[in-house]
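Step one of this worksheet: look at the structure below.
The values are calculated or read from the model by the stated rules, or taken from the named source; none is laboratory data. Nothing here was measured: the structure is a model prediction, and the numbers come from that model. FYI the Cβ positions are ideal-geometry reconstructions off the backbone, even for glycines, and counts take in every protein chain you see.
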């Protein structure tokens, strides 16, 4: 029998100049003395907060347990495959780009950084920038960076709660103020900063411009309507199915059973991030784990089956690695 069990992850709060002191919409009991931009939940460095493996990082556990933890679907058996985090932009982020897999390998990295954003909250007028305006070239972007007007060439769109946004590697992007997002991404921190509104931070123009794609599949994801489960008491929303990740939303008022294998027969680690309410994650013969708003629980692939039992009601995202080759999702501008 595996030594593994469902892990409650300790969040790692990252200070950023564009962040905020007020994380109360997600973490009402935390107080901060410096601006926090991100809460990392499943990075390599993030640590388990419960049970016999408390204090161990996901990097250590992935190296030690391999496919027992990550499953058959991920490419690398000894690297935790997905990084999930909350983003709290209170000012514009730098304009940046992440390489796709091909560009990352040219730079000596194992893979790139394709990601998606689920909009948890958004104030009226909150915006993100997804790629370049139609017809804008890489050369024009470089000129605009030197002329300190790069943001004028970006495709700015309003965002609304409940939307899922896809950002393929190579997409120039940034966030404006006024939203709270859950980001799901390949486990990589390769970020090239192209433009930073005059803030005194390092830019990475050579690497960044080489990684920029003038057109990508970035945009707001077109997805099926939510469906009812358990006679209508539970609700399921498929948010995105993409080559590197599948993200689904569950709203439970009754217990629901899950498997770590998908329809392909391959298994994946299961990552759950609660956005509302509270529930309990149960696996046979193991201590139950509380999943409350702001928490992430990691269910190792080797467990096979588990249950989420709401404590009145719980809403959470569930992210996995697909066991089959998927195409990029359908998007709208």
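Of all the numbered requirements in (1) modelled with pLDDT of 95 or more; (2) under 21 Å from residue 179 (Cα atoms); (3) exposed (fewer than 15 other Cβ atoms within 10 Å of the Cβ), residue 55 misses one, and that requirement is (2). Quick check: is even one residue across the stretch 174-182 crowded, with 20+ Cβ neighbours inside 10 Å, over 17 Å from the mean Cα position of the chain (by Cα), under 18 Å from residue 216 (Cβ atoms) and assigned by TED's automatic domain parsing to the domain that holds residue 205? Within the stretch 174-182 (the criterion being crowded, with 20+ Cβ neighbours inside 10 Å, over 17 Å from the mean Cα position of the chain (by Cα), under 18 Å from residue 216 (Cβ atoms) and assigned by TED's automatic domain parsing to the domain that holds residue 205), the answer is no, since none of the residues qualifies.
Only residues that are part of a loop (DSSP other than H, G, I, E, B) and in contact with a helix residue (DSSP H, G or I) (Cβ under 8 Å, 6 or more places away or on another chain) were counted in the stretch 287-314, giving 1.
Might you check whether a residue that is within 25 Å of residue 91 (Cβ to Cβ), over 18 Å from the mean Cα position of the chain (by Cα) and outside any loop (DSSP other than H, G, I, E, B) occurs anywhere in the stretch 19-42? Yes, that holds for at least one residue. For the stretch 286-306, the set of residues classified as over 15 Å from residue 258 (Cβ atoms), surrounded by fewer than 19 Cβ atoms within 10 Å (Cβ to Cβ) and in contact (Cβ under 8 Å) with a residue 24 or more places away in the chain consists of 287, 290, 293, listed by residue number. Restricted to the stretch 264-285, and to residues there that are in contact with a helix residue (DSSP H, G or I) (Cβ under 7 Å, 6 or more places away or on another chain) and in a loop (DSSP other than H, G, I, E, B), the residue that is surrounded by the fewest Cβ atoms within 10 Å (Cβ to Cβ) is 283.
Considered as a group, the residues in the stretch 110-134 that are under 17 Å from the mean Cα position of the chain (by Cα) and at pLDDT below 95 include one that is surrounded by the fewest Cβ atoms within 10 Å (Cβ to Cβ), and that residue is 111. Each residue in the stretch 21-34 was checked for being surrounded by 18 or more Cβ atoms within 10 Å (Cβ to Cβ) and over 18 Å from residue 297 (Cβ atoms), and 1 pass.
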